[in-house]
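The values are calculated or read from the model by the stated rules, or taken from the named source; none is laboratory data. Since this is a predicted model, take the numbers as computed values, not measurements. Every residue, glycine among them, receives a Cβ derived from its backbone with ideal geometry; neighbour counts consider all protein chains shown. The accessibility values were calculated without ligands, DNA or RNA, using every heavy atom of the protein model including side chains. Shrake-Rupley method; radii C 1.70, N 1.55, O 1.52, S 1.80 Å.
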Amino acid sequence: MTTATDETLVTDLVKRARIAQNLFGKYSQAEVDEVVTAAAWALINPENNERLSKLAVEETGLGNVNDKIIKNHRKTLGLLRDLKQAKTVGIIKDDAENGIVEIGRAAGVVGAIVPSTNPIATPMNNTLNALKCGNAIILAPSPKGQPSCTRLLELIHTELDRVGAPKDLVQQLPSPVSKTLTHELLKQVDLIIATGSQNNIRSAYSSGTPAFGVGAGNVCVIVDETADLADAAAKIKASKTFDNATSCSSENSIIIVDDVYDAMMEELSNINGALLTTEEKQQLQNSMWQEGHLNRHVLAKPVNDVCSAAGLKRKELVNSDFLMVTETEAGKSAPFSGEKMSLVLTVYRASSFDSAKELANKILGYQGKGHSLGIHTTTDNRPRILGHEAPVCRIIVNQAHCFATGGSFDNALPFSLSMGCGTWGGNITDQNVHYRQYMNITRVVKTIEPREVTVDDIFADYKRKYL
């Protein structure tokens, strides 16, 4: 329950944000872009990135430092590429033919919920998108991620001072962050960007404030009989092991078509994946899920930590880069079919591509509907078949899934750490959440030459066929 103190704290933050945003609203596009560049340098600066990455791992216990450095750098630099040519201030489009002038307008004060899995990359992404559209932003970090978010904020403020921009454009909830404080923030801002657990998303949706949320991950990837198996295995490993699988876009399951099952399992073994026996699988399951929840001692931890928590001592497992378990079912009775955010990959065997497609839909029906589905294939038609039939917003073809889904330098998806999952995932957007979701557009509408139609223009074919 929100207290008077919580309400007062948030009211003060929002008041300061509105004052700063009103000043920022007078900036030109070039001046806004300079502020965006300044804020980004707080993390692109290699010394800052390394220090923040170390701090994030120390505080949250999730992921690993080297991969966080790479993630922070690539996600921020890629977003800057996307934002560089985007028009968000003043007239952003003048369509003389249709008599419409579009004017970019700020949403106001943005509230952003930040997950503990990405305590640096996500708030930076949120901040740059918000600033690009002329907004102020208030971050709501997870309790574990708050210290590193605080340090990031200090570095951003140093850069805002350098270019003479108001520091209150970027703020965060004070320590200690609580659910009640976060909920009060969600009620007072103009727009919410919510990333993280489904509890976070539901809280955002129930606040009464317009909100962009994301759906649950639980990525599965099909490997069909035409795939380049060595390439597929290497990409699956790179994605699965990156930052100890903190990403909701890392492969949780792979479905291998029977004709290449043995060969693909050999490829995965060759790159240091280790398959558990039936008994070891049960031992790991007992450790990973306790009272229906993922054990925090295996979440985004190195393999030897996972093995230690589960009491697995076999040398091949402890020294592997990722663990594998086989599964045939999907649903509550088969917990390995769900999202694990750990270095454990579930392997399915399918008799054919059609069987693999049905199995993927079954897994998605349990968890991950709307998010994404991957396929390794050399066919042109199978990805499109999945695009027509799978209940997801992205089909990722022959790529390392966690690098591709949130935008990459070799695909055209917007760089983002928040993947909308459409109506399948209970979200209002099916896009990678990017700058366009952070702004309003006012349309000035003039008259044009009439484009009238007659009844016959619309109904002639229908009348001939049926009447």
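So if each residue of separation counts as 0.36 nm, and I subtract the Cα-Cα distance between Ala4 and Arg314, what length gain in nm does that give? Before the final figure, lay out the partial values.
Details: separation 310, 0.36 × 310 = 111.60 nm, distance 5.55 nm.
Between Ala4 and Arg314, full extension yields 106.0 nm more.
Kindly provide the trypsin sites (Lys or Arg not before Pro) of the range 264-338 that DSSP labels as loop, not H, G, I, E or B, and whose Cβ sees at most 15 other Cβ atoms within 10 Å.
Numbers: sites: Lys281, Arg296, Lys313, Arg314, Lys315, Lys332; in loops: Arg296, Lys313, Arg314, Lys332.
Loop-located and lightly packed - Arg296, Lys313, Arg314, Lys332.
Add -39500 (n - 2.57) for each DSSP H run of 4 or more in the chain, then divide by its residues: what number comes out at 222 nm, to the nearest 500 deg cm²/dmol? Provide the component values of the computation, followed by the final result.
Values: 17 runs with 206 residues, N = 467.
About -13500 deg cm²/dmol.
Run the Debye formula on the Cα coordinates of the range 292-361, all scatterers equal and no solvent, and tell me log10 I(q)/I(0) at q = 0.16 1/Å.
Log10 of I(q)/I(0), two decimals: -0.63.
At Thr209 and Ala30, where each label point lies 7 Å from the Cα along Cα→Cβ, what is the point-to-point distance in nanometres?
Computed distance between label sites Thr209 and Ala30 equals 3.4 nm.
Return the long-range amide H neighbours of Leu345 (sequence gap of 5 or more, or a different chain), with a cut-off of under 5 Å between placed amide H atoms.
Leu323, Met324, Val325
Mind checking the dipole of the range 32-127: about its Cα centre, +1 per Lys or Arg Cβ, -1 per Asp or Glu Cβ, Debye to the nearest 20?
Using only the charged Cβ atoms, the result is roughly 240 debye.
Taking a temperature of 25 °C and a viscosity of 0.890 mPa s, what whole-number D in µm²/s does Stokes-Einstein yield for the chain with Rh from Kirkwood over alpha carbon pairs?
Details: Rh = 23.6 Å.
Translational D for this selection: 104 µm²/s.
Between Ile385 and Ala460, what FRET efficiency comes out of the Förster formula 1/(1 + (r/R0)^6) with R0 = 25 Å and r the beta carbon distance, rounded to 0.05? Display every interim value, and only then the final one.
On the way: r = 35 Å, r/R0 = 1.41.
Working from the Cβ atoms, E equals 0.10.
Consider just the alpha-carbon atoms of the range 262-379 and return their Rg together with their Dmax, both in angstrom.
My reading of the Cα-based Rg and Dmax gives 14.6, 43 Å.
So if I restrict to the alpha-carbon atoms in the range 19-162, what is the Rg, and what is Dmax, the biggest pairwise distance, in Å?
So, for the range 19-162, Rg and Dmax equal 16.3, 57 Å respectively.
For Val219, what charge total do you get from the other residues with a beta carbon under 13 Å from its beta carbon, if Lys and Arg give +1 and Asp and Glu give -1? Walk me through the numbers before you get to the answer.
On the way: positive: Lys235, Lys240, Lys340, Lys369, Arg394; negative: Glu251, Glu339.
Summing Lys/Arg as +1 and Asp/Glu as -1 gives +3.
Considering only protein heavy atoms and a 1.4 Å probe, what is the carbon-and-sulfur percentage of the accessible area of the chain?
On the way: 10590 of 20830 Å².
Of the solvent-accessible surface of the chain, carbon and sulfur hold 51 percent.
Using DSSP loop states and a limit of at most 10 other Cβ atoms within 10 Å to flag GluC sites (Glu not before Pro), what is the longest stretch of the chain containing no flagged site? Mind showing how you got there, number by number?
Values: sites that count: Glu97, Glu291, Glu452.
Result, exposed sites excluded: 98-290.
What percentage of all Cα-Cα pairs in the range 336-467 are separated by more than 21 Å? Numbers along the way, then the final one.
On the way: 4959 of 8646 pairs.
When all Cα pairs of the range 336-467 are counted, 57 percent exceed 21 Å.
What size of dipole, in debye to the nearest 20, comes out for the chain about its Cα centre when the only charges are +1 on Lys and Arg C-beta atoms and -1 on Asp and Glu C-beta atoms? Spell out each step's value before the answer.
Values: 48 positive and 53 negative charges, 223 e Å.
Charge dipole, the chain, about its Cα centre: 1080 debye, nearest 20.
Amide H of Gly111: which non-local residues (sequence gap of 5 or more, or other chain) have their own amide H closer than 5 Å, using H built in the peptide plane?
Ile138, Asp190, Leu191, Ile192, Ile193
Can you compute 3J(HN,Hα) from phi for each residue in the range 401-408, using the Karplus curve 6.51 cos²θ - 1.76 cosθ + 1.60 with θ = phi - 60°, rounded to whole Hz and x for Gly and Pro?
Listing the rounded values in order: 4, 5, 7, 7, 4, x, x, 8 Hz.
In nm, give the distance between the simple-model label positions of Glu266 and Val163, each being 7 Å from the Cα along the Cα-to-Cβ direction.
Roughly 5.5 nm, to one decimal.
Expressed as cubic angstrom per residue, what is the convex hull volume of the alpha carbon set of the range 184-290? Each step should come with its number before you reach the end.
Working: hull volume 15.8 nm³, N = 107.
Once divided by residue count, the hull of the range 184-290 is 148 Å³.
Do any of Lys26/Lys93; Lys132/Lys446; Lys281/Lys357; Lys26/Lys167; Lys15/Lys75; Lys144/Lys179 go past 21 Å between their Cα atoms, and which?
Working: Lys26/Lys93 19 Å; Lys132/Lys446 28 Å; Lys281/Lys357 25 Å; Lys26/Lys167 16 Å; Lys15/Lys75 31 Å; Lys144/Lys179 13 Å.
Distance filter (> 21 Å) returns Lys132/Lys446; Lys281/Lys357; Lys15/Lys75.
Please work out the Kirkwood hydrodynamic radius for the range 340-413, using every pair of different C-alpha atoms, and report it in angstroms with one decimal place.
Working: mean 1/r = 0.0756 Å⁻¹.
In the range 340-413 this quantity evaluates to 13.2 Å.
Cross-link candidates for Lys369: which aspartates and glutamates have Cα within less than 13 Å, leaving aside residues fewer than 8 places away along the same chain?
Of all the aspartates and glutamates, those that pass the test against Lys369 - Cα under 13 Å, at least 8 places apart if same chain - are Glu339, Glu389, Asp430.
Does the range 1-100 come out rounded, prolate or oblate by the C-alpha gyration tensor, with a ≥ b ≥ c the root eigenvalues, rounded set by a/c under 1.5 and, if not, prolate when a/b is larger than b/c and oblate if not? Provide the component values of the computation, followed by the final result.
Details: a/c = 2.50, a/b = 1.24, b/c = 2.01.
Note, shape of the range 1-100 comes out oblate.
At 7 Å along the Cα-to-beta-carbon direction for both Thr180 and Asn98, put a label point, then send me their distance in nm to one decimal.
About 4.9 nm, to one decimal.
I need the phi-derived Karplus couplings for the range 382-387: 6.51 cos²θ - 1.76 cosθ + 1.60, θ = phi - 60°, integer Hz, Gly and Pro marked x.
After applying 6.51 cos²θ - 1.76 cosθ + 1.60, I find 5, x, 6, 4, 4, x Hz.
Eigenvalues of the Cα gyration tensor times 5, then square-rooted: what semi-axes does that give for the range 86-177, in whole angstrom, largest first? Walk me through the intermediate numbers first.
Numbers: eigenvalues 193, 42, 20 Å².
Each semi-axis is √(5λ); the values are 31, 14, 10 Å.
If amide hydrogens are placed 1.01 Å from N in the peptide plane, which non-local residues have theirs closer than 5 Å to the one on Ile396?
When sequence neighbours closer than 5 places are left aside, the close amide H contacts are Leu373, Gly374, Ile375.
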